1. Computed FRET efficiency, Cβ-Cβ of Lys203 and Asn598, R0 35 Å: what is it to the nearest 0.05?
2. Given labels modelled 7 Å from the Cα in the Cβ direction, how far is it in nm from Glu278 to Thr240?
3. Determine the calculated [θ] at 222 nm for the chain from helices alone, applying -39500 (n - 2.57) to every DSSP H run no shorter than 4 residues and normalising by the residue count; nearest 500 deg cm²/dmol.
4. So the label point goes 7 Å from the Cα of Met294 along Cα→C-beta, right? Which residues of the stretch 417-447 then have their backbone N under 16 Å from it?
5. Roughly what % of Cα-Cα distances in the stretch 2-242 sit above 24 Å, to the whole percent?
6. Determine the alpha carbon to alpha carbon distance for each of Lys447/Lys532; Lys447/Lys507; Lys49/Lys447; Lys62/Lys176; Lys62/Lys225 and list only those over 29 Å.
7. Please state the Cα pair-distance histogram of the stretch 335-482 with 5 angstrom bins from zero: what percent is in each bin?
8. Could you work out the relative contact order of the chain? I mean the mean sequence separation of Cα pairs under 8 Å and 6+ apart, divided by the number of residues, in percent.
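All of the numbers you see were taken from the coordinates with simple rules; none came from a lab. Just so you know, these numbers come straight off a predicted model, no measurement behind them. A quick note on method: Cβ atoms are made from the backbone with ideal geometry, for glycine too, and the neighbour counts reach across all protein chains shown.
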Amino acid sequence: MCGIVAYIGQREAYPILIKGLQRLEYRGYDSAGVALLNGGMHIYKRQGKVSDLIAYTEGKDKTGQVGIGHTRWATHGQPNHINAHPHCSGNGHLNLVHNGIIENYSLLKKALEKLGHTFESETDTEVLVHLIEELQSRDSLTLEEAVRVALSRVIGAYAIVVIDEREPGKLVAARKGSPLVLGIGDDEFLVASDATPIIEHTKRVVYLNDEEIAVLSKDGYMQIKTIGNEVQTPYIQELTLEIERLEKGGYDHFMLKEIHEQTTTIADCMRGRLNATEGWIRLGGVEEFQNRFMKAERMIIIGCGTSWHAGLVAEYLFEDLARIPVEVEYASEFRYRNPIIRESDVIIALSQSGETADTLAAIELAREKGALVYGVVNVVGSSISRLTDAGSYIHAGPEIGVASTKAFTGQVTLLTMMALQLAHSRGTISESYYQRLLTELENIPHKVARVLECEPQIQYIAQEIQDSHNALYLGRGFNFPVALEGALKLKEISYIHAEGYPAAEMKHGPIALIDENMPVIVTATNRNAYDKIVSNIQEVKARKGKVIAIVSEGEKAISEMADYTIEIPETEDPLAPLLSVIPLQLLSYYIAVGRGCNVDQPRNLAKSVTVE
Ligand code: M6R
């Protein structure tokens, strides 16, 4: 939520900031702004996207080798250009960009107002920059010192970068609860919310830790201290991310590219971890904590949105294959409901971004109670990957479309391997079934490629139903979480109201909604309970619902009843979500495109939800 980028060095800052903001735009696109230091301060900000900011700055003075930029997802105050960042101090000397929420901002604001400060915006951020100004002038503090003292008074989460025209060769950056990465180039530094704006300038980075402040100078000097004023030795890491993975690669949208990438991302997730011929699966983190996993009396899986849906698939996998009881929790509910967590529990935290605030808070809670916390994360070096006891990356590469696609199948692939590894160690499945699942899992990327061949047919179906106002998604067993995921995809990018339901549950309520205008998308690849799902479809047809069925190749009974049938390769039931979700991703994509929606940046959403 909100993207920050900053530059200090020998080059012009503006183009670097703008390119960086475009890379970070997935984090928020309500407004964008930059402040540039060049003798004085030039501040440009605009409601809307980075492209609006670019148009606005046309012909204006954009020189300066020091600058900060921001793309906003509104929390405090409307998404207009007054509330856009950077925010300026009352005396005009300081400018600050911020990601996060200052929870005690209203108390601080009242205290500052009593001291004569006046505010232009409704934001918590403006309060922080005034507080820094106040401390500077009252106690004659340097920028760095004033930032340190101000942050010690702040409750909440922040990633900030501040500049001061009276100390023009310096950037001060700090974080707590919101991510910040420092890029170290030759005689230059970059600061950003993630590594994507940095990668094309340098691969050497430092991930700032919570409650650390970095001072970066134009002459190449860098110092990191804690808010308690202790000097830290920075840990410099080398990024492995390739720049091509951040481009659209010929596709119209990132989402479509990411859907197609699943043939390789699923294979990448398994690479070096699974060998069906030799009959093994090895996840390093699971091996390291084998004892804790073997003794686990219960697993609690936490996540939000699509990650929560992947967790629901894992519930079926772990219980069915490894016979471990599982609870799947929304991180936001888990953290506030005084949950019972035992030391013998294993908590699995799922997150594409590794930065979701609710998931981070739930992890902290679980760790306090002594449970082992295992992260399944996509973004390398993210906060969750660093906060957990152990974990596995899904290696899906950057996911830029706000609607999660390849991260879901990456998470499910990883969790399937985990369930199989544990099932094998615990002896809860037969050797022959284990071997069959391994062989089938290894073959899934080829089957994904075959599912993608349905694209033209799905495009046609999308046109037929794109004007609907509602849609119902049904599935049973392993395909029930897929129904939820299909409904979420449709809602978020096409703004059509959609609900996911267990197919048999339909008759307990949603059946009342069904008429000839209601598309009902049924994921019906199940071998288990096949007859039951056939009956559920009959119930829909009896009410004139329009059935779009996803079935296994060669299926007859459902195909004869359904209005549209999408055939996908057959697989074992526990692996079905890896294939059956793909037609649903494509269906949402083409419906959204048909309705003229902004697929990669749907309204009101952001890729990385770093506020609660
Ligand atoms: O980065 P995370 O996996 O922790 O994100 C969780 C949700 O915010 C995310 O899955 C969201 O629901 C997506 N927009 C779904 O497509």
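1. Values: r = 32 Å, r/R0 = 0.90.
Once rounded, the FRET efficiency stands at 0.65.
2. Reported label-point gap for Glu278 and Thr240 is 1.8 nm.
3. Values: 20 runs with 223 residues, N = 612.
Theoretical 222 nm ellipticity from helices: -11000 deg cm²/dmol.
4. 421-429, by backbone N distance to the label point.
5. On the way: 10883 of 28920 pairs.
Across the stretch 2-242, Cα pairs with separations above 24 Å total 38 percent.
6. On the way: Lys447/Lys532 26 Å; Lys447/Lys507 33 Å; Lys49/Lys447 38 Å; Lys62/Lys176 31 Å; Lys62/Lys225 32 Å.
Result: Lys447/Lys507; Lys49/Lys447; Lys62/Lys176; Lys62/Lys225 exceed 29 Å.
7. Pair shares across the bins are 2, 8, 12, 15, 18, 16, 13, 9, 5, 2, 0.
8. Working: 1406 pairs, mean separation 71.9, N = 612.
Here the relative contact order equals 12 percent.
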